[in-house]
1. Residue by residue through the stretch 276-312, note down the ones that are open to solvent by less than 10 Å² (accessible area, probe 1.4 Å) and in contact with a His (Cβ under 7 Å, 6 or more places away or on another chain).
2. Give 360, 406, 388, 396 a once-over and let me know the one that is within 27 Å of residue 496 (Cβ to Cβ), modelled with pLDDT of 90 or more, crowded, with 20+ Cβ neighbours inside 10 Å and of a type in the set (Phe, Trp, Tyr).
3. Applying the selection to the stretch 317-346, what residues are hydroxyl-bearing (Ser, Thr, Tyr), at pLDDT 95 or above and open to solvent by 20 Å² or more (accessible area, probe 1.4 Å)?
4. Output the residues belonging to the stretch 212-247 that are under 36 Å from the mean Cα position of the chain (by Cα), of a type outside the set (D, E, K, R) and part of a loop (DSSP other than H, G, I, E, B).
5. Taking only pairs six or more apart or across chains, which ones have beta-carbon atoms under 9 Å, a first residue in the stretch 261-274 that is closer than 23 Å to residue 184 by Cα, and a second residue that is in a helix (DSSP H, G or I) and open to solvent by 30 Å² or more (accessible area, probe 1.4 Å)?
6. Does residue 360 count as among the aromatic types (Phe, Trp, Tyr), touching a helix residue (DSSP H, G or I) at 6+ places or on another chain (Cβ under 9 Å), in contact (Cβ under 8 Å) with a residue 60 or more places away in the chain and within 30 Å of residue 80 (Cβ to Cβ)?
7. Of all residues being in contact with a Lys or Arg (Cβ under 8 Å, 6 or more places away or on another chain) and outside any strand (DSSP E or B) in the stretch 297-316, which is modelled with the lowest pLDDT? Just the residue, please.
8. Search the stretch 188-204 for residues that are charged (D, E, K, R) and pair each with any residue that is modelled with pLDDT under 95 and surrounded by 14 or more Cβ atoms within 10 Å (Cβ to Cβ) when their beta-carbon atoms are under 7 Å apart and the residues are at least 6 apart or on different chains.
Amino acid sequence: MYDIPHLYPFFIDIRIDQYKMIVNKHQSLYGNSKLKKGERMSLKVYNTLTNAKEEFIPLEDNEVKMYVCGPTVYDKCHIGHARCYVAFDLIRRYLKYSGYTVTYVQNFTDVDDKIINKSLETGEDPFHIAEQYINDYFTSMDSLNVKRADIYCKATEHIEDMISFVETLVDKGFAYAVEGDVYFSVEKAHDYGQLSGINIEQMKAGARIAVDEKKRDPLDFALWKKAKEGEPRWESPWGAGRPGWHIECSTMSQTYLGSTLDIHGGGQDLIFPHHENEIAQSEASTGKQFVRYWLHNGFVTIREEKMSKSLGNIVTVEDLLKKYSPQTLRYFLVSPHYRKPIDFTETNIEEAEKAITRLFHTLDNIRSALSEKVNGEAFSPEPYRQQFKAAMDDDFNTPLALAALFELARETNRRIEQGSINNSSLQQIYDTFMELGDVLGLVFRREMEGLTEDLLNILIQVRNTARERKLWDISDTIRDQLRNMGIYLEDTSQGTKWKIGKRQEE
């Protein structure tokens, strides 16, 4: 039912024909010369608005305005949050790698029913709750190597902007006030349902209006909510209250990026009603297209069940990082196509761990080989880099992009084993792995709990000197202590190699 893309590297032969086909297809575009970082090919993205892949053309040449809906901060970040923000971190990284200047804005919904309900349950101040989980968000995303947005904005810091936005909609006749609440009139919106494809008449036919409902139409949604007892509140022309959820993102995105965005992103669960309502109110306010390209990431399921608190299957990033490395989790999240569903199981995570370990081992082999002077043949990584870019230019196709890296790894390992590759080529391959790994947000330069590679290499040199002088106690102590930390040394004819395994229990 679901793709298990982290298994792709283990079935890399299946991808080789696709690899060759894509390289041949793009050979005339790339030519035989090396593409420089920042040179751009024709990028295609899947636009939810049109349900089709389209060539990506920003409103302003080379400038990308990108907004991604942030979390409602009332609890710890879970694997579903991680999927979204890793996906859009990847997209942002590739856009910048391709030569675009990206302004990336993300919000925090720090006033909302869920936060208020948690405050009522726990007795904590709602603003303290929000701040606590904003900090948790940063801790979790920093661990997964998600680069910080250019701008983070909180709903509570833009209340005046939201009130002004709502006033504009009321003045233009798109919204109406009723006893302290303000609603957007869906029937007055142009082409409502264009993003989600919903049928308004069918929705109306199935809707029911409660006896005390103040809406004129069951599909109308709240722009401003009258304050209830004990809730956060701000003064407005309609009385004390707080903003509705949808108005937050429209207001903050326009505040920082203007009337028309190039990319608006979020999870597929936000398509309706959140993003649909954003379009309606934003375009009613400005009379301009709100977003040129809508991008949505796929869901995360837990053993093929939807994550939910009622099922008790929420898995937090904090808990996962107690068991798995950040790089394993990052690989697990970037290995499927961002629009595809991904099923979280221990087996799938372990397969991801095996896959990224193979890449680490290849880099270990390259480092060891570079320590020896080898007058072998030249071997260029450029065709693999071209295939990586061709895959990423096709709506950020990470499974095929990773397939290129694994094929490069396999061919490099084969040539190292045969001694048929020269040092200059090895350095080019190493640099290519570092370059493309950074695009994926994968850190191929290892750091082991404060022990950096450089320090590890010094320890290995000390151990080798001790062995040469037959100081076996010293050399064995270094080897054993590193093994206890999960770092295994192997003495070969080509020098001492190291790899990371599981830490030994004390």
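1. Passing the criteria: 277, 278, 281, 291, 294.
2. On inspection, the qualifying residue turns out to be 406.
3. Within the stretch 317-346, none qualify.
4. Selection gives 218, 219, 227, 232, 244.
5. Correct list of pairs: 261/254; 274/245.
6. Answer is yes for this residue.
7. Filtering the stretch 297-316 for residues that are in contact with a Lys or Arg (Cβ under 8 Å, 6 or more places away or on another chain) and outside any strand (DSSP E or B), the one modelled with the lowest pLDDT comes out as 313.
8. Listed pairs, sorted by first residue: 204/218; 204/219.
The values are calculated or read from the model by the stated rules, or taken from the named source; none is laboratory data. The structure displayed is predicted, hence computed values, not measured ones. Here Cβ is always computed from backbone atoms with ideal geometry, including for glycine, and neighbour counts include all displayed protein chains. The area values use the complete protein model at the heavy-atom level, side chains included, leaving out ligands, DNA and RNA. Shrake-Rupley method; radii C 1.70, N 1.55, O 1.52, S 1.80 Å.
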